[in-house]
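Below is one structure, written out as structure tokens, with a few remarks after it.
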Amino acid sequence: MLRQEINELLTQTGPGTPMGELFRQYWIPVLLADELDEPGGPPVRVKVLSERMIAFRDNDGQYGLIDEFCAHRGASLWFGNNEVGGLRCAYHGWKYDVTGQCVEVPSEPDNSTFCSKVKLTGYPLIKVGDVLWAHLGDPATRPDPPEFEWLTVPSDQTYTSKRWQECNWLQALEGGIDSSHVSWLHSGGLRNDPLFKGSKGNEYNLNDMRPFFEVVDSDGGLYVAVRRNAEEGNYYWRITPWVLPAFTMVPPRGDHPVHGHFWVPIDDENCWVFTFDYLPTRPLTEGELTAMREGHGVHNEYVPGTFRPLQNKDNDYMMNRDAQRRGDTFSGVKGIAMQDASLQESMGPIVDRTKERLVSADSGIIKARRKLVQAAQDLRDHGTTPPGVDTKHHRIRSVSIVLPKEESFLESCRDALVATPGVRQTTV
Amino acid sequence: MTAMTTRPTLLNSCAFAATAAEARFRINAKPQTPRSTRVVALDAGAAAVVRELVDHTWMGTRFLTFDASTAPPVDVAADGRLADIVLLSAEGPVQLSDELIDADFTMMIATANDGAVAATVIGRACVLRGIMTAGVVVGEGHQVDAAVNALRPHARVLLVTNDRNDVAGIMSAVGA
């Protein structure tokens with residue numbers, strides 16, 4: 001249970017809020033790179049951290065992320081023409097370059113310098129991996145670009161999708177570090193999903209529904225480790241890293257691609273879920289890519305032309321009671337991503353954490369909240385750079401492993417938890 | 001009708017983006033740099049209008065007056081050279097050319113055509129420097145036809161009004 005003011009501190013990420021300022025210390029994913037694939041192509045609306053912006057790529061290929069609304073009379077630049085040298089408002093022709101600097105006001109005389117006095121708020125937008133990242137914070141404290149392994153492997157070894165989730169970012173993130181739900185909610189997926197099924201680890205998951213938890217600090221956040229009984233004298237460990245503010249990885253299963261998420265606040269009642277799959281040492285197969293594009297694994301199907309999941313709250317997530325009764329799915333909702341999203345959205349736009357009844361199995365969530373509050377307060381009160389800004393903190397991996405009962409997962413997995421180029425993931 | 005078609009308002013649609021609820025997420029940034037404005041009264045009546053403005057709060061706007069009765073004669077049709085004129089500021093006489101050095105907007109106020117010559121000089125000087133010009137003629141009907149005709153070639157925007165408060169209204173609106 002949290003006090004109301006702490007819940008508000010954790011869940012509000014708009015400009016000027018403590019958690020909003022924390023998020024503004026990091027590069028955060030805002031678009032898939034193929035949304036702005038073509039230089040000179042159409043602009044795209046972006047809303048993150050409760051700020052509305054427009055993204056575009058000029059003819060030189062430079063990316064821009066600027067205030068969505070024209071400085072003249074507040075019309076949306078989404079209707080604008082992406083011309084040589086900038087984005088021109090469709091209303092009266094004011095034109096802006098990728099930094100937000102106005103470069104032309106047609107109603108002014110030919111050699112007028114008035115446009116030099118007009119600048120929209122603009123943020124840097126960079127491509128790292130298959131994702132476009134923005135930094136909405138102070139340029140003086142702009143960190144180095146992200147170095148998560150999913151971004152740095154060759155492009156044929158990685159795949160990223162994104163979806164709109166209609167709830168606050170924190171309850172979505174908390175699903176990413178809440179390993180105890182997997183044996184229940186996703187039990188069907190462990191047996192059937194082409195990107196999950198077949199691993200030995202699944203058997204351990206399904207055979208031990210009462211796991212034990214260990215939560216350990218890492219430099220960038222936490223390791224949330226869950227152990228289940230394996231063969232005599234051994235435990236099956238699944239280790240989930242969380243890096244502040246919103247990066248989580250799922251422990252791998254067999255030779256399946258490794259997946260994870262970046263949970264990005266759109267506003268306080270919506271978030272983007274960037275979902276990736278990658279392999280450190282081999283290309284994704286065509287079959288794996290097809291499965292991801294079709295919405296299997298941690299991906300999903302879409303309402304055509306949008307990033308809204310096909311299964312959404314307006315159609316009760318296409319809930320199938322027969323499938324639930326048969327045990328094909330535990331909740332009646334198809335697909336691991338939508339199983340999570342349906343329940344997280346059902347908690348409400350912003351879950352009221354003053355009414356929770358947490359249990360010890362929620363230790364990862366409890367600790368993550370405490371670390372977020374501490375980081376936000378340290379930043380606000382002392383200007384302390386938070387964990388996860390340093391790119392060394394990005395070079396981590398999730399792990400699944402069977403260890404003798406007497407071994408410490410942290411000692412045994414110290415190397416396995418580090419992203420090392422050319423070294424295969426540690427997986428069962 | 002399927003469930004999906006009952007809610008076409010998607011996150012990336014205008015129907016969603018243009019709602020009042022979404023308006024609160026507009027970036028709240030005020031314009032940083034005000035216009036650099038010169039307001040020039042072209043005749044005695046206009047000078048009276050301008051005197052009413054000077055006590056308001058403006059963003060660095062400078063108020064100037066052209067007095068045809070005391071200004072040296074100006075040959076506006078001369079050989080292509082740019083003429084200059086003397087204007088009166090709060091600090092005393094100033095040259096138009098000095099006043100326009102860092103200006104980006106000049107508003108000429110007239111109630112009669114006494115300042116036609118000044119309007120020509122100011123208009124040409126502003127064209128040369130890429131300075132936006134506006135003219136406000138304060139008066140009614142045919143009484144101000146001559147003033148309108150004098151300003152028309154030299155003001156990119158011309159307002160004819162019998163409400164002298166329109167001058168302050170325009171200045172406020174454009175950030176003067």
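Where a number appears in this text, it was derived from the coordinates with a stated rule and is not lab data. Computed from a predicted model, the values in this text were never measured in an experiment. Virtual Cβ from ideal backbone geometry, glycine too; neighbours counted across all protein chains shown.
As a test of understanding, state the convex hull volume per residue of the stretch A:290-428 from its alpha carbons, in Å³.
For the stretch A:290-428, the hull spanned by Cα atoms encloses 238 Å³ per residue.
Would you work out which of B:ALA41, B:HIS154, B:ILE109 lies farthest towards the positive end of the dipole of the stretch B:33-173? Charges go on Cβ: Lys and Arg +1, Asp and Glu -1.
Positive-end residue among those listed: B:HIS154.
I'd like the distance between the alpha-carbon centres of the stretch A:294-332 and the stretch A:1-67, rounded to an integer number of Å.
Cα centroid of the stretch A:294-332 versus Cα centroid of the stretch A:1-67: 27 Å apart.
Quick one: order A:MET209, A:MET319, B:MET132, A:MET249 by neighbouring beta-carbon count within 10 Å, fewest to most.
By the 10 Å Cβ count, ascending: A:MET209, A:MET319, B:MET132, A:MET249.
So if the hydrodynamic radius of the stretch B:33-173 is defined as the Kirkwood radius over C-alpha pairs, what does Stokes-Einstein give as its diffusion coefficient at 37 °C and 0.692 mPa s, in µm² per second?
221
For the pairs A:LYS162/A:LYS334; A:LYS200/A:LYS405; A:LYS95/B:LYS30; A:LYS334/A:LYS371; A:LYS47/A:LYS313, note any where the Cα-Cα span goes beyond 24 Å.
Result: A:LYS334/A:LYS371 exceed 24 Å.
Please list 3J(HN,Hα) in residue order for the stretch B:137-153, calculated via the Karplus relation 6.51 cos²θ - 1.76 cosθ + 1.60 where θ = phi - 60°; whole Hz, with x for glycine and proline.
9, 9, x, 10, x, 5, 4, 10, 3, 5, 5, 4, 4, 5, 7, 3, x
Using +1 on the beta carbon of Lys and Arg, -1 on that of Asp and Glu, and nothing else charged, what's the dipole of the protein assembly as shown about the Cα centre, debye to 20?
Here the protein assembly as shown has a charge dipole of around 1280 debye.
If you bin every alpha carbon distance in the stretch A:1-83 into 10 Å steps from zero, what whole percent lands in each bin?
Percent of Cα pairs in each bin: 17, 38, 27, 13, 4, 0.
Can you give the translational diffusion coefficient of the protein assembly as shown in µm²/s, computed by Stokes-Einstein from the Kirkwood radius over Cα pairs at 37 °C and 0.692 mPa s?
The diffusion coefficient I find is 118 µm²/s.
Once the Cα gyration tensor of the stretch A:157-247 is diagonalised, what are the square roots of 5 times its eigenvalues, in whole Å and ordered largest first, as equivalent ellipsoid semi-axes?
For the stretch A:157-247, the ellipsoid semi-axes come out as 24, 19, 13 Å.
Can you give the angle from 0 to 90° between the axis of helix A:336-346 and the longest principal axis of chain A, with both taken from C-alpha atoms, to the nearest 10?
Result, in degrees: 70.
Can you give the helix-only mean residue ellipticity at 222 nm for chain A, where every DSSP H stretch with n ≥ 4 adds -39500 (n - 2.57) and the sum goes over all residues, rounded to the nearest 500 deg cm²/dmol?
-5500 deg cm²/dmol
Per residue of the stretch A:46-54, in order, report the coupling 6.51 cos²θ - 1.76 cosθ + 1.60 (Karplus, θ = phi - 60°) as ³J(HN,Hα) in whole Hz, putting x for Gly and Pro.
Values per residue, Gly and Pro as x: 9, 10, 9, 6, 6, 10, 9, 9, 10 Hz.
Exposure proxy check: A:TYR123, A:TYR63 ranked by fewest other beta carbons within 10 Å?
So the residues, fewest neighbours to most, are A:TYR63, A:TYR123.
Nothing charged except the Cβ atoms of Lys and Arg (+1) and of Asp and Glu (-1): what's the magnitude of the dipole of the stretch A:1-150 about its Cα centre? Round to the nearest 20 debye.
Using Cβ point charges on Lys, Arg, Asp and Glu, the stretch A:1-150 gives about 500 debye.
Report ³J(HN,Hα) in whole Hz for each residue of the stretch A:408-416, in order, from the Karplus equation J = 6.51 cos²θ - 1.76 cosθ + 1.60 where θ = phi - 60°; Gly and Pro get x.
In residue order, the calculated couplings are 7, 4, 5, 5, 5, 10, 3, 6, 5 Hz.
Give the separation of the Cα centroids, the stretch A:194-215 to the stretch A:375-404, in Å.
Centre-to-centre distance over Cα atoms comes out at 26 Å.
Using Cβ contacts closer than 10 Å as the measure, can you line up A:ASP110, A:ASP60 from fewest to most?
In increasing order of surrounding Cβ atoms, one gets A:ASP110, A:ASP60.
Starting from the amide H of A:THR240, placed 1.01 Å from N in the peptide plane, find each other amide H under 5 Å away whose residue is 5 or more places distant or on another chain.
Amide H to amide H, under 5 Å and 5 or more residues apart or across chains, A:THR240 pairs with A:VAL224, A:ALA225, A:VAL226.
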